[in-house]
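The values are calculated or read from the model by the stated rules, or taken from the named source; none is laboratory data. Note that this is a predicted model, so its numbers are computed, not measured. Cβ placement follows ideal geometry from the backbone for every residue including glycine, while neighbour counts extend to all protein chains displayed.
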Amino acid sequence: MPDEPTAARYYPAQNEHKRRVREARRRGEAVELLRFVQAAAGYAAGQLGNGLGPEQAREAALEIAAELELAAVSLRRAVRLRPAERRALARLLAARGVPTRQIAAQVGVSDRSVRSYVRGRGPAPALTTARQGARRGARPAAEGGR
């Protein structure tokens, strides 16, 4: 495999370790963000229940809603799924009847990507062995295949 990066060929255990460390760091960031959201929601609930006037309560509610939207975007980014996981989740949600826009928001992709995933399009899965390629009908590069 001449196009495969050298590190991936010779140090698969090290690459797996790095991937796990990145995922653990992302989970830690997600936990911190969720704790912030919990504290912010508690504060907002206290403020709203503290006898604010209608206009002040409205402003407080809009302010916390904006904070929660930003937190949701950051949380999705922190725990971003791999492409194959995103496709599988989009297909699962579509099979349950969830609207395309909601799927896109939950998965963190565009509406167009969701429609593509549901139709079964999208990047083809990578061939990991020559035997898998032969089973799928791929021809060797010398014969004009991939």
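Filtered by the rule that a residue be more than 17 Å from L33 (Cα to Cα) and of a type in the set (S, T, Y), the stretch 57-108 gives a lone residue, T100. Pairing residues of the stretch 53-75 that are outside the structural domain of A39 (by TED's automatic domain parsing) with residues that are of a type in the set (V, I, T) and surrounded by 11 or more Cβ atoms within 10 Å (Cβ to Cβ), at Cβ distances under 8 Å and at least 6 apart in sequence or on separate chains, gives no pairs at all. Restricted to helices (runs of 4 or more DSSP H) entirely inside the stretch 55-146, those with at least 2 residues that are modelled with pLDDT of 90 or more are 83-95, 100-107, 111-119.
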